[in-house]
Amino acid sequence: MTRRIGTALRVGMGALAALTWAAAAQAAPAAATAAPTPPMGWNSWNHFAGKIDDATVRAQADAMVASGLARAGYRYINIDDTWEGERDAQGVIHANSKFPDMKALADYVHSKGLKLGIYSSPGAKTCAGYAGSLGHEAQDARTYAEWGIDYLKYDLCSLTPSVEKAATLEQGQAIEAAAYEKMRNAIKATGRPMVYSLCQYGINQTWRWGASVGGDLWRTTGDISDRFSRMIQIGLSQAGLAKFQKPGHWNDPDMLEVGNGGMNATEYRTHMSLWAILAAPLLAGNDLTKMSPETLAILGDKGVIAIDQDPMGRQGDRLHAEGPLETWTRPLAGGAKAVGLFNLADRPAYMQVTTAELGLKGPAALHDVWADKDLGKQTTYRAIVPAHGVILLRVAAKPAA
Ligand code: GLA
């Protein structure tokens with residue numbers, strides 16, 4: 001283990017030395033990205049945690065299609081931690097008894113027009129204590145490719161203490177970079193395209209180097225939970241990170257909690273709106289087989305999804321904050337803008353935004369995204385935003401003068 005980390009450190013230091021701090025985020029390989037827009041799909045962890053098995057995954061895939069969410073753009077069905085079984089005498093990983101035939105499961109998910117994702121760790125153990133990929137990277141990548149896997153979430157887990165013990169920021173980054181490059185190269189060697197999702201909770205400013213080690217997306221925070229305070233803390237902590245992202249390489253503030261029951265519909269609309277402005281991956285984390293019409297409407301809102309998936313692929317950022325009143329904007333293709341007026345207070349509040357604040361001259365055509373309603377041309381927009389709520393606007397591009 002120590003020798004392995006020593007080697008990792010040297011390899012990683014070499015890789016990082018070639019990249020200046022500032023250039024690292026822009027230095028992704030030129031290869032076509034597996035995630036041209038932020039990945040959309042479903043992941044088992046937030047709702048099912050350890051209680052995930054083959055039948056449940058098939059049922060989620062069925063529900064993804066039957067609900068219409070697949071048509072709305074959700075395509076990955078991602079198995080998170082606790083699928084892992086034992087390695088055989090040759091070191092090949094096998095799924096545990098909850099997943100009797102991973103290849104058959106992948107075939108099933110593919111037959112629905114969807115893609116299958118899986119989970120592992122660069123450490124010896126995953127976060128839930130199952131077998132990680134340390135020392136078996138190439139073998140595991142080949143196994144995933146043989147099964148027909150399309151997406152890998154690679155979670156730092158048991159490597160975290162060595163990263164945290166590193167004497168300097170650069171050494172910590174180097175350990176992580178080496179571990180993530182190793183699996184990136186192993187995936188590449190299989191010849192099967194897979195979305196590569198780095199999960200290391202933002203330790204050592206992943207946004208600065210995630211793209212350079214092949215990450216299509218990288219977690220920027222610790223785990224989300226199904227509480228308004230935690231969701232909003234994570235969302236707001238993304239301020240300033242937009243400049244480290246580029247199309248195909250996304251900051252990941254963690255998966256959605258929409259529909260899990262810990263927040264009300266107003267708060268879940270705030271969650272979806274903020275994630276859309278952040279160009280965040282939209283990985284539903286609820287039980288798709290038991291969705292209320294309201295949950296389905298929130299996850300499936302076409303206007304919000306169009307903002308998240310905007311083809312220009314540029315993350316938004318905070319425009320200004322006034323105590324609990326937060327205004328965030330995102331530039332969209334063709335000169336349009338998304339604007340989120342977020343009221344984090346416990347009571348309704350007036351909020352306003354002017355076209356001048358958005359860098360536009362004179363009135364602009366506004367559209368209320370959740371209400372799907374044109375608001376006409378306005379220079380100052382003012383409205384009451386509910387407690388913990390949002391008004392999400394799409395501001396049309398101004399025709400050239
Ligand atoms: C970590 C990750 C979570 C989830 C669990 C699984 O906490 O951040 O998203 O994958 O591990 O054990």
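The values are calculated or read from the model by the stated rules, or taken from the named source; none is laboratory data. All of these numbers come straight from a predicted model, not from anything done at the bench. Every residue, glycine among them, receives a Cβ derived from its backbone with ideal geometry; neighbour counts consider all protein chains shown. For the accessible areas, the whole protein counts, side chains as well, though only heavy atoms, and no ligand, DNA or RNA atoms are used. Shrake-Rupley method; radii C 1.70, N 1.55, O 1.52, S 1.80 Å.
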Query raised in the report: Helix 137-147: angle to the longest alpha-carbon principal axis of the chain, degrees 0 to 90, nearest 10?
Result: 70
Report summary line: Rounded to one decimal in nm, the spacing of the 7 Å Cα→Cβ label points at ALA397 and HIS320 is 2.7
Query - Point-to-point label distance, ARG71-ALA189, nm (Cα→Cβ direction, 7 Å offset) - result: 4.4
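Give me the net charge for the shell around ALA276: Cβ to Cβ below 10 angstrom, other residues only, Lys and Arg +1, Asp and Glu -1.
Counting the neighbours of ALA276, the net charge comes to -2.
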Query raised in the report: So what's the projected area for the range 223-274, the Cα convex hull averaged over all directions, in nm²?
Result: 3.8
Query raised in the report: For the range 2-308, what is the charge dipole size about the Cα centre, in debye to the nearest 20, if Lys and Arg each add +1 at the Cβ and Asp and Glu each add -1 at the Cβ?
Result: 600
Report summary line: Neighbours of ARG219 by Cβ distance under 11 Å: Lys/Arg at +1, Asp/Glu at -1, summed charge -3
Report task. Determine the per residue accessible area of the range 130-272 with all protein chains present and a 1.4 angstrom probe, expressed in square angstrom. Result -> 31
Query raised in the report: Can you list the equivalent-ellipsoid semi-axes of the range 137-204, largest first and in whole Å, using the square root of 5 times each Cα gyration tensor eigenvalue?
Result: 25, 11, 9
Report summary line: Taking a straight Cα-to-Cα line shorter than 22 Å from LYS165, and setting aside same-chain lysines fewer than 8 residues away, one finds LYS125, LYS182
Query - Listed peptides 68-77, 378-387, 147-156 by packing density, highest first (mean Cβ within 10 Å) - result: 147-156, 68-77, 378-387
Requested in this report: Can you tell me how much longer the chain between GLU86 and ALA345 gets when fully stretched, taken as 0.36 nm per residue apart minus their C-alpha distance, in nm with one decimal?
Outcome: 88.3 nm
Report task. With a/c under 1.5 counting as rounded, go ahead and sort the range 273-345 into rounded, prolate or oblate using the C-alpha gyration tensor (a ≥ b ≥ c being the square roots of the eigenvalues; past the cut-off, prolate if a/b is larger than b/c, else oblate). Result -> oblate
Query raised in the report: Using alpha carbons only, how many degrees (0 to 90, rounded to 10) separate the axis of helix 2-17 from the longest principal axis of the chain?
Result: 50
Requested in this report: Over the range 317-395, with every protein chain in place, what whole percent of the accessible area is carbon and sulfur at 1.4 Å, could you tell me?
Outcome: 52
Query raised in the report: Per the Debye formula with a single identical scatterer at each Cα and no solvent contribution, what log10 I(q)/I(0) holds for the range 324-368 at q = 0.26, 0.29 Å⁻¹?
Result: -1.05, -1.19
Report task. Alpha carbons only, please: Rg and Dmax for the range 317-395, in angstrom. Result -> 11.8, 36
Report task. Quick one: go through the range 78-105 and flag any residue whose amide nitrogen is under 15 Å from the point 7 Å out along the Cα-to-Cβ line of SER111. Result -> 101-105
Query raised in the report: Considering the Cα trace of the range 70-134, what is its radius of gyration and what is Dmax, both in angstroms?
Result: 13.4, 44
Query raised in the report: Quick one: helix 54-66 against the long Cα principal axis of the chain, what's the angle to the nearest 10°, folded into 0 to 90?
Result: 30
Query raised in the report: What's the local net charge at ALA35, with K and R +1, D and E -1, over the other residues with C-beta under 12 Å away?
Result: 0
Query raised in the report: Ranked from highest to lowest mean number of other Cβ atoms within 10 Å per residue, what is the order of the peptides 162-170, 243-251, 350-358, 113-121?
Result: 113-121, 243-251, 350-358, 162-170
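If you wrap the chain's Cα atoms in a convex hull and average its projection over all directions, what's the area in nm²? Let's see the in-between values first.
Numbers: hull surface 79.2 nm².
Taking the Cα atoms of the chain, their convex hull projects to 19.8 nm² on average.
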Query - Segment GLU294-ILE203, length gained on full extension (0.36 nm per residue, minus Cα span) - result: 29.2 nm
Query raised in the report: Pairs LYS373/LYS398; LYS188/LYS243; LYS112/LYS290; LYS153/LYS246: which are spaced more than 21 Å apart, C-alpha to C-alpha?
Result: LYS188/LYS243
